[in-house]
Amino acid sequence: MKFGGSSVADAERLKRAARRIVAAREDGNRVVAVLSARGKTTDELVGLAAEMSDAPDPREMDMLLSTGERISCALCAMAINDLGHRAISLTGSQAGIVTDTSHTKARILDVRADRIKTALDEGQIVLVAGFQGVSTSHDVTTLGRGGSDTTAVALAAAVDADVCEIYTDVSGVFSADPRIVPDARKLDVVSFEEMLEMASSGAKVLQLRSVEYARNHDVRIHCRSSFEDVTGTFVVGEQETMEHPLITAVTHSTDEARLSLVGVPDEIGAAAKIFTALADANCNVDMIIQNEPLEEGRKAEVSFTVPRGDLRVARETLEPIAAELGVDSIDAVPEMGKVSIVGAGMKSHPGVAAKVFQVLAEERINIEMISTSPIKISCVIAADKVPDAVRALHGAFELGAGGIQAEAPIGEQAR
Ligand code: ADP
Ligand code: ASP
Ligand code: MG
């Protein structure tokens, strides 16, 4: 059971999470719970670091950020003990989560769950601080924003759990962010394939890596509300999904940045140099556009997007490479967004992209970059246009609760 930040934001909510964990235990389950930092704690810790330094040392950043989830776990253990059960809180390191050494976005390499299993055998409820581990060089690491989801899935795999329940502030995975689209529809099931595309294009309800991990280790995810006791969304293998709607969801992100290298000499190996350097600096490059000059000897332009948080590092990484290659200039646009539509049904359906572009044109929204996969179409647009774009696409593809996709007979609806 994993409880996100807003589900443990204050004493009352932490106690509610504690009661829910205890109820699962009293139902006869052995329970491992992963908690996030309370409310906006992680943002506040990031703010504290920014008061100290423009470029905080990543190792120290992890020492700082990992404290938020430890607080939640220790407090929750106290509440559970008062409810007459025995609970033990563990840091990521104590829980045996071993990662690589890339601070602030470390990857899990191994989960040595012996201590968790022993505690479960002794009848204890185990609480694990989410979003963190210990590196192969014995330092505290964190797993990237939203990383508690990945902690939960990795532990579920390690203890061979029946299900990994992700308790959050919405009642499941929706056809769009319910904060932006009020009539978004809750999805009963979503395939790993679609959820991967949704998570990678901004549906932060599940961290991308948690979905990758679940697919690779065959973990059953149930994403559900921590406030009401209703069935949420199951993320399952494709063979288990019953329906194949053309479009499943509209996703978005408003924290993209675009970098353009203007005047790149048209020579073999230039792109390799640029993107190898960015990969080595651990920058997550998303969309890439390179235009090939028509005339021999002319220069090319290479543009790509990165998460806004990676912009500074990307720029610093590129400056020496650009000088070496003889690039004319590096331009950055920090305020970019992205809107995407995802659906396994579009694989065999022409015309979906054309409709997306038409809808955005009618909204007078300029598309700056486009990328596609067999089940996703993404457009980079100005960040401030994102909410309108999401609502327009959600409406045009009739994804809402009142749309054609909710045609269940009366009586079977909303059970
Ligand atoms: P937690 O703190 O529980 O980890 P997050 O804030 O990380 O929660 O993720 C839940 C949020 O994800 C929701 O409040 C919602 O605004 C947002 N979200 C974005 N896209 C979707 C979507 N398609 N379905 C559900 N929630 C979404
Ligand atoms: N507390 C971390 C964050 O805010 C991890 C998480 O909540 O999953 O990103
Ligand atoms: Mg989250």
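Return the total of residues in the stretch 14-43 being among the small types (Gly, Ala, Ser) and closer than 13 Å to residue 76 by Cβ.
So in the stretch 14-43, the residues among the small types (Gly, Ala, Ser) come out as 17-18, 23-24, 28, 33, 36-37, 39.
If we keep only those that are closer than 13 Å to residue 76 by Cβ too, we end up with 17-18, 33, 36-37.
Summing the residues that are among the small types (Gly, Ala, Ser) and closer than 13 Å to residue 76 by Cβ in the stretch 14-43 gives 5.
Looking only at strands (runs of 3 or more DSSP E) that fall completely inside the stretch 98-168, which ones have 1 or more residues that are more than 25 Å from residue 22 (Cα to Cα), without any contact (Cβ under 8 Å) to a residue 40 or more places away in the chain and open to solvent by 40 Å² or more (accessible area, probe 1.4 Å)?
Passing ranges, in order: 108-111.
Within the stretch 169-201, which residues are in contact with a Leu (Cβ under 6 Å, 6 or more places away or on another chain) and either in a loop (DSSP other than H, G, I, E, B) or within 8 Å of ligand 1 (Cβ to nearest atom) (or both)? Write out each step before concluding.
Initial filter on the stretch 169-201 (in contact with a Leu (Cβ under 6 Å, 6 or more places away or on another chain)): 173, 175, 199-200.
Selection gives 173, 175.
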* Of (1) within 11 Å of ligand 1 (Cβ to nearest atom); (2) in contact with a Ser or Thr (Cβ under 6 Å, 6 or more places away or on another chain), residue 204 satisfies all except one. Which? -> (2)
* Asked: Which residues, taken from the stretch 30-79, are among the aliphatic types (A, V, I, L, M), touching a residue at least 60 places away in the same chain (Cβ under 8 Å), under 28 Å from residue 19 (Cβ atoms) and more than 16 Å from ligand 1 (Cβ to nearest atom)?
  -> 31, 32, 75, 79
* Asked: Among the strands (runs of 3 or more DSSP E) confined wholly to the stretch 213-303, which include 3 or more residues that are more than 16 Å from ligand 1 (Cβ to nearest atom)?
  -> 249-265, 288-291
* Among residues of the stretch 68-79, those that are open to solvent by 20 Å² or more (accessible area, probe 1.4 Å) and farther than 13 Å from residue 89 by Cβ, counted -> 0
* Asked: Is at least one residue of the stretch 137-152 out of contact with any helix residue (DSSP H, G or I) (no Cβ under 8 Å at 6 or more places or on another chain), away from ligand 2 (no atom under 11 Å from the Cβ) and at negative phi?
  -> yes
* Within the stretch 275-286, can one find any residue that is within 23 Å of the chain's Cα centre (by Cα), within 16 Å of ligand 2 (Cβ to nearest atom) and not aromatic (Phe, Trp, Tyr)? -> yes
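If you check 344, 408, 389, which single one turns out to be of a type in the set (A, V, I, L, M, F, W, C) and modelled with pLDDT of 95 or more?
On the way: 344 fails: modelled with pLDDT of 95 or more; 408 fails: modelled with pLDDT of 95 or more.
Answer to the check: 389.
Per-residue answers, yes or no, for (1) out of contact with any helix residue (DSSP H, G or I) (no Cβ under 6 Å at 6 or more places or on another chain); (2) closer than 24 Å to residue 264 by Cβ:
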position	(1), (2)
330	no, yes
333	yes, yes
339	no, no
347	yes, no
353	yes, no
359	no, no
362	yes, no
369	yes, yes
373	yes, no
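The values are calculated or read from the model by the stated rules, or taken from the named source; none is laboratory data. Bear in mind the structure is a predicted one, so any value in this text is a computation, not a measurement. Reconstructed Cβ throughout: ideal geometry from the backbone, glycine too, with neighbour counts over all protein chains shown. Calculation scope for accessible area: heavy atoms of the full protein, side chains included, ligands and nucleic acids excluded. Shrake-Rupley method; radii C 1.70, N 1.55, O 1.52, S 1.80 Å.
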